[in-house]
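Right, one structure below, let's go through it.
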Amino acid sequence: MVAKPLNQVRNEVVLMITKRQGIVVWIKHPKYVKRLRRYGHLIYASRKLKYVLIYVNQEELEEVTEQINRLNFVKRIDLSHKPFVDTVYQKKSPIIEEETDYEIKAFTKKLKLISFSFLFIMWWNQAMLVI
């Protein structure tokens with residue numbers, strides 16, 4: 001067996017992952033949950049709120065939603081927007097961090113001044129009561 005370079009192995013693993021999307025199916029009665037299992041991977045079923053969360057391959061999404069929508073016990077279908085949301089987050093820029101640090105330092109300085117003034121007033125009131 002010939003060893004493959006690591007970058008080729010990573011590319012193959014990425015290609016093996018199927019793109020899936022969640023479907024929220026609102027139903028009229030919880031007894032119909034079992035019938036929805038055949039349309040995808042059933043993740044969660046709420047008996048109280050009467051909805052079911054199903055994951056489906058994105059290639060089959062339109063066909064499955066049409067099939068589910070035809071069922072007489074389905075009220076409505078909502079599609080998950082998670083595959084379209086950008087999940088790569090960026091750090092704050094150093095300029096913003098410096099500004100917030102400066103604001104925090106200024107706030108703590110004001111807070112120390114206020115607390116010192118308050119303590120001085122309290123001491124002064126006690127001193128006046130003694131005299």
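The values are calculated or read from the model by the stated rules, or taken from the named source; none is laboratory data. Quick caveat, the model's predicted, so the values are computed rather than measured. FYI the Cβ positions are ideal-geometry reconstructions off the backbone, even for glycines, and counts take in every protein chain you see.
The rows are residues; the columns are (1) basic (Lys, Arg); (2) at pLDDT 90 or above; (3) surrounded by 10 or more Cβ atoms within 10 Å (Cβ to Cβ).
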{"residue": "LYS4", "(1), (2), (3)": "yes, no, yes"}
{"residue": "LYS48", "(1), (2), (3)": "yes, yes, no"}
{"residue": "ASN57", "(1), (2), (3)": "no, yes, yes"}
{"residue": "LYS91", "(1), (2), (3)": "yes, no, no"}
Pull up the stretch 67-83, narrow it to residues that are under 19 Å from LYS19 (Cα atoms) and surrounded by fewer than 12 Cβ atoms within 10 Å (Cβ to Cβ), then point me to the one that is modelled with the highest pLDDT. HIS81
Taking the stretch 22-39 only, how many residues are in a helix (DSSP H, G or I) and within 24 Å of VAL85 (Cβ to Cβ)? 1
